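Student: Let me begin by handing over the structure; questions about it come next.
The values are calculated or read from the model by the stated rules, or taken from the named source; none is laboratory data. Note that the coordinates shown come from a computational prediction; the quantities given were computed from them, not determined experimentally. Cβ placement follows ideal geometry from the backbone for every residue including glycine, while neighbour counts extend to all protein chains displayed. To get the accessible areas, we keep the full protein, side chains included, count just its heavy atoms, and leave off ligands, DNA and RNA. Shrake-Rupley method; radii C 1.70, N 1.55, O 1.52, S 1.80 Å.
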Amino acid sequence: MSRTGEFWGWPWYKKLLSILLSPFVLLIGLFVLPLLMLVSLFVVCSNFTGEHLFYLSMWNDGRTLSRRKLRRRFDAGETGTLILESPTMGWGFTHAWWTPDDLKTLSPVIKQEDDVYWEQVLDLMEEDQPHPWDEWCWQEYVSPHQGKAFLLKVWNGKKYANWLKRHFPSVTIVETASAIARQHEFEAQQETR
């Protein structure tokens, strides 16, 4: 029996192992896997750096608030709203913002329950339009140029929200997806230049 005929008689796991251990596949793996790892590392590092540079720019503008200062505000009886912003769609990182305003009473837009809201956001994204709630939150509170909320944390704002829920359960927490509103503001700035 020839070697080819012998190969087809092997169980599936032996076939797979022999293909994976072939010199051609090993040679490709030696070049492709390190390249993929390098690209992944670059993406993670550039995203991490970009988030911290954003925090520093907000700090320079006086729009950050430390956890200690926020706790002092709560101890002094101040109330307000934590805004959990998703600045991109699909990357899964969030920003935590604080404002002494009560967004649920000030908003001209009524935000539905989270399930309905996120469904509407996804529908509007297909049309490249922000949800009215997101656009209002962006313009009034979280925009780096015209917003008035204080940035608490970048990269993982959900951790901050969980901390607030544990220590100050009466604090209002709202969510907003600002990716499209952010893009529209960026495009408008480019057109004016």
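Student: Among (1) of a type outside the set (D, E, K, R); (2) at pLDDT 85 or above; (3) assigned to a helix (DSSP H, G or I); (4) in contact with a strand residue (DSSP E or B) (Cβ under 8 Å, 6 or more places away or on another chain), there is one condition L151 misses while meeting the rest; what is its number?
Tutor: Unmet condition: (3).
Student: Kindly indicate which of W10, W59 is more than 28 Å from the chain's Cα centre (by Cα) and either under 30 Å from P87 (Cβ atoms) or not in a helix (DSSP H, G or I) (or both).
Tutor: W10
Student: Being open to solvent by less than 50 Å² (accessible area, probe 1.4 Å), assigned by the TED database to the domain that holds A149, touching a residue at least 60 places away in the same chain (Cβ under 8 Å) and farther than 30 Å from F186 by Cα, is that true of even one residue in the stretch 84-96?
Tutor: Within the stretch 84-96 (the criterion being open to solvent by less than 50 Å² (accessible area, probe 1.4 Å), assigned by the TED database to the domain that holds A149, touching a residue at least 60 places away in the same chain (Cβ under 8 Å) and farther than 30 Å from F186 by Cα), the answer is no, since none of the residues qualifies.
Student: Here's another thing I want to ask about it. Condition check: assigned by the TED database to the domain that holds R72, under 14 Å from the mean Cα position of the chain (by Cα) and hydroxyl-bearing (S, T, Y). Does T176 satisfy that?
Tutor: Spelling it out, T176 is indeed assigned by the TED database to the domain that holds R72, under 14 Å from the mean Cα position of the chain (by Cα) and hydroxyl-bearing (S, T, Y).
Student: For the stretch 72-82, state whether one or more residues are open to solvent by less than 60 Å² (accessible area, probe 1.4 Å), in a loop (DSSP other than H, G, I, E, B), small (G, A, S) and more than 13 Å from L164 (Cα to Cα).
Tutor: Yes, the stretch 72-82 contains at least one residue that is open to solvent by less than 60 Å² (accessible area, probe 1.4 Å), in a loop (DSSP other than H, G, I, E, B), small (G, A, S) and more than 13 Å from L164 (Cα to Cα).
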